[in-house]
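Beneath this line is the structure, given in structure tokens, with notes to follow.
Values in this text are rule-based calculations from the coordinates and carry no lab data. These figures come from a predicted structure and were not determined experimentally. Here the Cβ positions follow ideal geometry from the backbone for every residue, glycine too, while neighbour counts run over all protein chains shown.
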Amino acid sequence: MTRVRLILLLLLLSLSTGGMGFEPLELDDNWKSGRIYKMELFEDANDSFDVFSVQTAPFFKYDKKEVPNLGINDATIWIRFQATGASDDPEFYLRFAYSLYDEIAFYQFEEKGTLLKKGDVSKSRPFHERSYPHPNGIFRFEVNKGETHTFYLAFKNLEQSILPLYIVRATQLSAQLKTEYLVVGVISGILIIMFVYNLFVYISVKDRNYLYYIIYILFLGLTQISITGVTYQYLWPNWHWIAIRSSTLFPSIAGFFGFVFAISFLNLENYLKRVTYVAIYPLMIAFILSSLFSIFGLLRAAFILMQATTMIGAFILLAVSIRVYLKGFSSARYFIFAWSILLLSAVVFILKDYGVLPYNLFTNSSVQIGASIELALLSFALADKINQFKRENELANLERLELERKNSQMVRNQNKMLEKKVAERTHELNKKNDELVEAYESLKSAQTKLVSSEKMVSLGQLTAGIAHEINNPINFVSANIGPLRRDVGDLIELFESTEEILKSGNSEDAEQIINEMKEDVEYDYIKNEIEELLRGMSDGTSRTVEIVRGLKTFSRVDENDEKIVDLHEGIDSTLVLLNNSLKDSVVVEKEYGDLPKVECFPGKINQVFMNIINNAGQALKKSDNEERGIIKIKSWRDEKNVFISIKDNGPGIPDEIVDKIFDPFFTTKAVGEGTGLGLSIVYTIIQSHSGKIDVISEPGKGAEFIISLPITSPKNDERQE
């Protein structure tokens, strides 16, 4: 039993050190740079083995691929190979030529199974802690001539697991890294130039396409440089959080803004609106989710979603750009070329990962090269679109200028026609104007005649009334002249007889004779009669003087200067003149307030009183009211105005014509009785005095005219100011 256990132990040791299914690598003097193509792989899905326990694991399998690709795999990948020293220079470097990894552990065992050397690199630690300052996993080791050593590598990555392993000399390693740095530098320079150039173009033209494009350049550039590991080495060597997320976060953001740029540049919402909403917007949402997964540490899910969305989206964008080009958008051809080259470079990169194409500097950098060419072509596309836009603007300007020329010619033609029509119309208007002037003069003459007629009617009425008023006292005087002449004759005869008697000297009989003569002529009666006749003649003369004085007060109609007058005198003089027409049927009641003298044209104001009182008297004469007609005249004042109310108890004014009574030629009298200008003249006079006239009427109960006049003429107030 003990012998069986010993045999099994020796078998396991032989398997752990040199019992492989292939020959060890021979590191001789001719070895410069060679890929490790003889290796065994073991996937530790549960991460349950360390370097010592894994040596006895029977699960290692020989991988014949030139560059093993294990896909998206979160297991710990163990790599085992052997190398035999066949050179006097034992120094070599093991290079893991891939930067997208999380951790790599390196172990070197001697033939006897003794651990000779170990090392590790991890993005969870600062970059400066690496033994060799490069984003790749690079480990220095020595194998003396004639010795065979076993090497173990523990590789862990949440994304694509690609295993390009090389053993190189120091000089070859330095040359390779310089070449790769040069390529990365050229690509980075192109990306920076494209970014800065398009940034300045955006600042100049303010086209939103350039804004989306420079954001796309920024994150696409960060994506491509992150693949090489240079961003981890130089931009954030101590920032673990972004170092492990850069390979998923940056491409997700770049993909999102790539779609935003494509929608804007290709004008997809106009050309292919349905495709945009059905296919492109969901892919943009997927990129947003991928970014969120990456931010919250779901790196494997973020990588799977980002990679799938990128592949699907690339082909969809290529298809829609072709559709847009076929619809007539010529600038889309650059977009097609750019996207085709990027897809081609991605295909080359993937074929390299799966061993279809050789793993070399070109295939390894194909995506970066394709991205640089894509950005250059997209810049051409933007420039072509701007140029096309300029051409369209120039064409539109030419069309606008031509249209303006035609419009200008049309305007000139229209102006000529308008000038002709205006001339004709002006001639017609001048003719019409002459006719209107003639008609106006005729109307003015007619109006003057009507006003004159109105004045003559009023004057005739006034003259008739005055004649009647003056005729009564004059008749009285005239009638008394005959009796007075007879009485005076009798007295003269008596005086002559008395004188003869006195001259005869018969004084004794003189007194008796004179007394007899007095009795004969009825001396006492004659004396009393003469006194009565003289008193009657005096009353008639006084009445005549009063009428003449009133007529003189009223007759100032044509005065052109304002005077300060007593309105009550004007009202009284008007009543005197209208006495004959009012005394038999109308009672005038006066309720005068304490009015100051008013600055006005007294003759015109008297005409206002005359017209209103005369209309009231005429209305009362025609009234069916059995009561005696009453005209009540009342006056009062406030701080600036005086008020005159002339109210009657006649039939009033119907409601339907109250608003018309001041209109020229409006009258309710029979034809031939009036011109309809009386109240119109009243209104005009009151307006010329800056006054106001209001009418209050109640049919069947009478009408009231309220006149308000300023105490001081507004014209004098303006002159004082």
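Our coupling estimate for region 188-201, obtained by passing each phi through the Karplus curve with A = 6.51, B = -1.76, C = 1.60 and θ = phi - 60°, is 4, x, 4, 5, 5, 4, 4, 5, 5, 4, 6, 5, 5, 5 Hz, Gly and Pro reported as x. With the highest mean first, a sort of the peptides 256-269, 132-145 on other beta-carbon atoms found within 10 angstrom per residue produces 256-269, 132-145. Ordering of 574-580, 293-299 by packing is 574-580, 293-299, highest average first (other Cβ atoms within 10 Å, averaged per residue). Relative to the current alpha-carbon distance between Val278 and Glu142, full extension at 0.36 nm per residue lengthens the span by 43.0 nm. FRET efficiency for the pair Ile312 and Lys416, taken as 1/(1 + (r/R0)^6) with r the Cβ-Cβ distance and R0 = 45 Å, rounds to 0.10. Database remark: amide H of Asp120 closer than 5 angstrom to the amide H of Phe106 (H placed geometrically; neighbours at sequence offset of 5 or more, or on other chains; Pro and chain starts carry no H). Of Met194, Met517, Met417, Met39, the sequence from fewest to most neighbouring Cβ atoms within 10 angstrom is Met417, Met517, Met194, Met39. Amide H contacts of Asn641: Ile711, each under 5 Å away and 5 or more positions distant or on a separate chain (H built 1.01 Å from N in the peptide plane; Pro and chain starts excluded). For region 561-720, what does the relative contact order come out to in percent, with C-alpha contacts under 8 Å and a separation of six or more? Relative contact order here is 24 percent.
For region 622-638 versus region 234-312, the spacing of their alpha-carbon centroids is 101 Å.
Give me the mean projected area, in nm² to one decimal, of the convex hull enclosing the Cα positions of region 561-720.
Details: hull surface 39.4 nm².
Mean shadow area of the hull around the Cα atoms is 9.8 nm².
Kindly identify region 188-338 as rounded, prolate or oblate by the Cα gyration tensor criterion: order the square roots of the eigenvalues as a ≥ b ≥ c, call it rounded if a/c is under 1.5, otherwise compare a/b with b/c, prolate if a/b is larger, else oblate. Write out the running numbers ahead of the final one.
Details: a/c = 2.36, a/b = 1.37, b/c = 1.72.
The shape class here is oblate.
By count of other Cβ within 10 Å, fewest leading, how are His240, His689 ordered? Working shown, then result.
Details: His240 16, His689 23.
Neighbour counts put them in this order, fewest first: His240, His689.
Among 603-609, 106-112, 329-335, how do they line up by average Cβ neighbours within 10 Å per residue, starting with the highest? Can you show the working numbers first?
Values: 603-609: 23.0, 106-112: 17.9, 329-335: 20.6.
By packing density, highest mean first, the sequence is 603-609, 329-335, 106-112.
Computing FRET efficiency as 1/(1 + (r/R0)^6) for Thr684 and Lys431, where r is the C-beta to C-beta distance and R0 is 35 Å, gives about 0.60.
Distance between the 7 Å Cα→Cβ label points at Lys563 and Asp694: 3.1 nm. When the inverse distances between all different Cα atoms of region 283-335 are averaged and flipped, the Kirkwood radius reads 12.3 angstrom. Estimate the FRET efficiency between Glu531 and Glu589 by the formula 1/(1 + (r/R0)^6), using the beta-carbon distance for r and 25 Å for R0, to the nearest 0.05. It comes out at approximately 0.10. According to the Kirkwood relation over distinct C-alpha pairs, the hydrodynamic radius of region 114-263 is 18.2 Å.
For Ala75, no residue 5 or more places off, or on another chain, has a built amide H under 5 Å of its own.
Exposure proxy shown here: for Ile304, Ile244, the number of other Cβ atoms within 10 Å sets the order, fewest to most, as Ile304, Ile244.
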